[in-house]
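Trainee: The structure under discussion is supplied below as structure tokens; questions concerning it will follow.
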């Protein structure tokens, strides 16, 4: 095959903006100062074209106004700086088989230009011309910034160079075959070795169960069967830690057993209790339960209007993001898009959320070999979710970043999506899948490759020196978007009856799960479209290659579905059909590669009794750090500058906030749009006024003292936030996302019992809070192995529970922001402040832990929230904000910054220290404003001491001078002006 | 926003008239602003067809017959991977170029937003200085390239309208605020057209700072576009593209300061973006 190479770059005089960005990072990250950096696009056309045809393709790709391009190589000397300097040519392309979405569209463009379909592939790379660095510097830059060896091909050369026509064709000529794995007579040592070497993440007990099963059958399992069991039984898919019985020993040595496991007892337990309460209280009309579909589908579904339900799911994508931040995070967002989309018969994607817990990007300590610097992880994660979300046409609503060096080993990457599900489509309830025996199994979307093999099992173990490169995938949002557009048409025409996404475990999971509904499935992998030849059947079965959904299609709809897919340039392939044989049968042509009993596949995993032992951390009374505090004013400014509290606006503006045209209260608010909103509000459909209200709570640093308090603080803050903005208390729902350090005790993990006890206490706190607030947990996810063992160092995350609240408002025009609105308005503080600086941002800023963590009296809080809801709905509340991380002073700073008004605050609160009064993170508190005329009504709505009047809103001076002033009786605690506040607030991570 | 509000604001646009107006919204391949764009026209009582490009191309030479306006919407067509709008523009030029040229010759209106604007300039629909009636689409003479500050940026912008511009979409509007969000929005001109574009007032709107003056300063000018140009029209004023998103400001509550505007009794009855669409409909009705 003839290969053609094209090089394209910005015309002289047109800015090379990507190169400036690279130069900036070389400077700020690596302290390198190259003379000039220029970038160039490289394209290889592996289509066997004639020269004339290649020239036509080139003309189709090059912008005649802004670019120049040639077949072959552009001269290296273009724009060479004066004076001799070494010129390095650094070319970064992709390894064979790695998704190259640009190349996919180059091929489309080439086919359009030539008017025919082309065999073969295109490949792309970025070429950097760098003047003025040494070879060592260039190689350092390549490793630390320009390429990632897990996905990229790197070529470093001096100019002049030779024409490079080598392309990374994927695949092999190897004939695909099926191996049998000798398990039946294997010793325990051998079983353990087979699991480890095969990246199966199966425990010895599980390997024994499989061995016994096949011994009974009198045959050895195939590689595909063992892989399929490993995926289905993985912690990632089976949630064994949440399903297993737990023996819990409390701090007094008293033991109890949680027989039904954490999920059934606490998560499902809380939700069922909330549902039962609603029935008893007759909150919902008959046949219109608020909870439409929970626990059994890809995402939770709740009732919204007579026309639409709401769907919500938040996922984590931690392990892949540690290896390839860009690709890992992008597959996080496009993957959760598929989850929400693939709920019921399909829902329309509405808005995304994200949240990242990472190492401090300013980290200067030593990093274990094999870990990326947190600033690089941060950049890549943002870029991946930005591209994934923006290219899909989905705005973001919520985002947060939290930094702690315990996230250096594995970053936490939360990605979520709200979707709107029409109550009915094509005459059927949309939330119900209706698979039937005989329905054809159709895979739609992208092709299968080796990418993402072992993703599910890999995420179920700690990150180690032997972590597989194949676990990394890169998303292609446009391929997915085209698939969704096609599926939406198919859904509305009723062309399929069931659907699920191909995520973790690939076809083995998607078809394996769907098979449960009818009692069996049979597929032929030889029919599956692959990216390149040479994939073994087991690889096809478990590949997590992206952008694929699996459909159940009634035979009479098949032709229409395939025709529609073809018209929309979406690949759709019949792989088999649903059966009722009780078996999951997989063929490769004539060969039987997998024949598993469904009961064994789904219910055969042995669940051991796990051991938890609670030992409260020694609660030191040493609060010496409090004596070393500066005046509250400087402390406040220092807090606002900390990465966990700084504005974050500039990063967030890389995300689309506005597409769909439905936003009402945006992610950032205020006169300068730089203050993170308490909660966001969005219309759900055009020409309607109902809205969805979103917020979150996440307090991992409280886990250092008690995870029970941590969980309650997270639920409380999420609820309080959506309440402030205008959500109905009787229409709240929430998602639970657990990220934990390994809670199963072993020789490598000696404190596993303690971590499991932390998990038990977290679940109990969560359960109690959800019952008290009437908040059902409609979906969730757990990621239980967030440890890294590299270079002899073990880094484990602090136990982290993210609670994502979804509220509803009947009229977005009645919603509220945190911004005080009028001079003379009265400022109230709802809820009481206690000396609870444990785990607070103030304590952390002084390298202290603190003693008392915020405790939440959930029953009392709920009484206050109901009263607040009443005055809010009566129109008396004019703005509302939570007190959260950083305490009251930080909330007041947000209000002053947003409104650019002075706030005159007068506090008079008993025995508390100034530090506790201003910076304690006691939960349950809301700062709200009302018109002076409504002051008494607002005061009377709450029973003392639940609410206190703390000040008044000032005006805006003609020449500035607005300030935040906090007095305590006669003493002036804080007196800072807006420019000081803003400088601190926007300065935290500037330039990084 | 009910129909009473719409009628109150656009009193001249009687539903009896507007329902005769037909607008084509082209969708598919990674375009993604179809819902809000279609809603803008639907609010005005116009008949909107959302047609997937594949279906449109199957209609052949008569694909655009019966339409008064074609909307090129925002999104990431084919991922904008090769360069923004290029692959879609090539496909349109190759398969629908003659129909588009004839459509414009017959007085058809064209409106492009963000990716749609990028597609229009790469198609040669804008500014189309040298094109004569009956000729194929013009060669590309301007482009939209990476923002000076590399990467996607989302923020609202202030826009001043050039009252001397022939653009029919901006008539009667002096000042606009719109959401703006893109990575490739910097207008660059082939040297041969710069002068004529200015002379003919083909830049109907410019990014302005707080004082209302055109600016090159980020973020008021989010991409560094020369002459603070935020959009471009052809000589007829009936073909118009812009980087900001009027379709994302249909409701008063889209504006970041809507609560303050309401407190100060200056909340508009409808989102300001809707006025651009209404002007387009007026131009259809006037011809």
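The values are calculated or read from the model by the stated rules, or taken from the named source; none is laboratory data. Since the model is a prediction, treat every value here as computed from it, not as a measurement. Positions of Cβ are generated from backbone atoms using ideal geometry, with glycine treated the same way; all protein chains shown enter the neighbour counts.
Trainee: Residue under question is residue A:672, and the condition is that it be within 13 Å of chain B (Cβ to nearest Cβ), surrounded by fewer than 19 Cβ atoms within 10 Å (Cβ to Cβ) and not in a loop (DSSP other than H, G, I, E, B); does it hold?
Mentor: For residue A:672, the condition - within 13 Å of chain B (Cβ to nearest Cβ), surrounded by fewer than 19 Cβ atoms within 10 Å (Cβ to Cβ) and not in a loop (DSSP other than H, G, I, E, B) - is not met.
Trainee: Then there is this: Run down B:54, B:40, B:35 and say which single residue is buried (at least 23 other Cβ atoms within 10 Å of the Cβ) and either within 17 Å of the chain's Cα centre (by Cα) or within 14 Å of chain A (Cβ to nearest Cβ) (or both).
Mentor: B:40
Trainee: Which of the residues that make up the stretch A:114-143 are buried (at least 20 other Cβ atoms within 10 Å of the Cβ) and either out of contact with any strand residue (DSSP E or B) (no Cβ under 7 Å at 6 or more places or on another chain) or part of a helix (DSSP H, G or I) (or both)?
Mentor: Correct list: A:138, A:141, A:142.
Trainee: Which condition from (1) closer than 18 Å to residue B:150 by Cβ; (2) within 13 Å of chain B (Cβ to nearest Cβ); (3) surrounded by 19 or more Cβ atoms within 10 Å (Cβ to Cβ) is the one that residue A:14 breaks?
Mentor: (3)
Trainee: Just wondering, is there one or more residues in the stretch B:143-164 that are outside any loop (DSSP other than H, G, I, E, B), surrounded by fewer than 20 Cβ atoms within 10 Å (Cβ to Cβ) and without any contact (Cβ under 8 Å) to a residue 12 or more places away in the chain?
Mentor: no
Trainee: I would also like to ask the following. Name the single residue, out of those in the stretch A:1-11 being touching a residue at least 60 places away in the same chain (Cβ under 8 Å) and assigned to a loop (DSSP other than H, G, I, E, B), that is surrounded by the fewest Cβ atoms within 10 Å (Cβ to Cβ).
Mentor: Filtering the stretch A:1-11 for residues that are touching a residue at least 60 places away in the same chain (Cβ under 8 Å) and assigned to a loop (DSSP other than H, G, I, E, B), the one surrounded by the fewest Cβ atoms within 10 Å (Cβ to Cβ) comes out as A:1.
Trainee: Here are A:487, A:495, A:561, A:507: which of them is surrounded by 22 or more Cβ atoms within 10 Å (Cβ to Cβ) and outside any helix (DSSP H, G or I)?
Mentor: A:495
Trainee: Give just the number: which of (1) under 16 Å from the mean Cα position of the chain (by Cα); (2) free of Cβ contacts under 8 Å to residues at least 40 places away in the same chain does residue B:76 not satisfy?
Mentor: (2)
Trainee: Give the residues of the stretch A:518-548 that are outside any loop (DSSP other than H, G, I, E, B) and either within 21 Å of residue A:168 (Cβ to Cβ) or without any contact (Cβ under 8 Å) to a residue 40 or more places away in the chain (or both), sorted by residue number.
Mentor: Selection gives A:530, A:539, A:540.
Trainee: Now for a different question. Of the residues A:848, A:843, which is farther than 30 Å from residue B:256 by Cα and not in a loop (DSSP other than H, G, I, E, B)?
Mentor: Result of the check over A:848, A:843: A:843.
Trainee: Filter the strands (runs of 3 or more DSSP E) completely within the stretch B:197-287 down to those with at least 2 residues that are at pLDDT below 95.
Mentor: Hits in the stretch B:197-287: none.
Trainee: Could you say which residue among A:577, A:544, A:569 is closer than 25 Å to residue A:341 by Cα and within 14 Å of chain B (Cβ to nearest Cβ)?
Mentor: A:569
Each row is one residue, and each column tells you yes or no for (1) in contact with a strand residue (DSSP E or B) (Cβ under 6 Å, 6 or more places away or on another chain); (2) without any contact (Cβ under 8 Å) to a residue 40 or more places away in the chain; (3) not in a helix (DSSP H, G or I).
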site	(1), (2), (3)
A:182	no, yes, yes
A:192	no, yes, no
A:196	no, yes, no
A:209	no, no, no
A:216	no, yes, no
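Trainee: In addition: Could you please tell me which pairs satisfy a Cβ distance under 7 Å, a separation of 6+ or placement on different chains, a first residue in the stretch B:237-257 that is within 10 Å of chain A (Cβ to nearest Cβ), and a second residue that is modelled with pLDDT under 95?
Mentor: What qualifies is B:251/B:1.
Trainee: Something else: Tell me whether the stretch A:819-839 contains one or more residues that are touching a helix residue (DSSP H, G or I) at 6+ places or on another chain (Cβ under 6 Å), surrounded by fewer than 24 Cβ atoms within 10 Å (Cβ to Cβ) and within 30 Å of residue A:750 (Cβ to Cβ).
Mentor: No, the stretch A:819-839 has no match at all.
Trainee: Then there's this: Which of the residues that make up the stretch A:60-87 are modelled with pLDDT under 90 and at positive phi?
Mentor: Passing the criteria: A:79, A:83.
Trainee: Considering each of A:847, A:873, A:908 in turn, give the residue that is at pLDDT 95 or above and either touching a strand residue (DSSP E or B) at 6+ places or on another chain (Cβ under 8 Å) or surrounded by fewer than 20 Cβ atoms within 10 Å (Cβ to Cβ) (or both).
Mentor: One residue alone meets the criteria, A:873.
Trainee: Could you list all residues from the stretch A:675-687 that are more than 10 Å from chain B (Cβ to nearest Cβ) and either outside any strand (DSSP E or B) or in contact with a helix residue (DSSP H, G or I) (Cβ under 6 Å, 6 or more places away or on another chain) (or both)?
Mentor: A:675, A:677, A:678, A:679, A:684
Trainee: Looking at residue B:168 and the list (1) more than 14 Å from chain A (Cβ to nearest Cβ); (2) in a loop (DSSP other than H, G, I, E, B); (3) touching a helix residue (DSSP H, G or I) at 6+ places or on another chain (Cβ under 8 Å); (4) crowded, with 24+ Cβ neighbours inside 10 Å, which single condition is not satisfied?
Mentor: Here residue B:168 clears every test but (4).
Trainee: Answer with yes or no whether residue A:381 is within 12 Å of another protein chain (Cβ to nearest Cβ), buried (at least 20 other Cβ atoms within 10 Å of the Cβ) and under 21 Å from residue B:80 (Cα atoms).
Mentor: no
Trainee: Also, I was wondering about something else. Give me the strands (runs of 3 or more DSSP E) completely within the stretch A:373-463, filtered to those with at least 1 residues that are modelled with pLDDT under 95 and under 30 Å from residue A:538 (Cβ atoms), ordered by residue number.
Mentor: A:440-445
Trainee: Report, by residue number, each residue of the stretch B:8-32 that is within 14 Å of chain A (Cβ to nearest Cβ) and under 21 Å from residue B:279 (Cβ atoms).
Mentor: B:25, B:26
Trainee: The conditions are (1) at the interface with chain A (Cβ under 8 Å from one of its Cβ atoms); (2) within 17 Å of residue B:272 (Cβ to Cβ); (3) surrounded by fewer than 17 Cβ atoms within 10 Å (Cβ to Cβ), and residue B:190 fails exactly one of them. Which is it?
Mentor: The one condition residue B:190 does not meet is (2).
For every residue, the table says whether it meets (1) part of a helix (DSSP H, G or I); (2) out of contact with any strand residue (DSSP E or B) (no Cβ under 7 Å at 6 or more places or on another chain).
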| site | (1), (2) |
| --- | --- |
| A:29 | yes, yes |
| A:34 | no, no |
| A:39 | no, no |
| A:53 | yes, yes |
| A:85 | no, no |
| A:96 | no, yes |
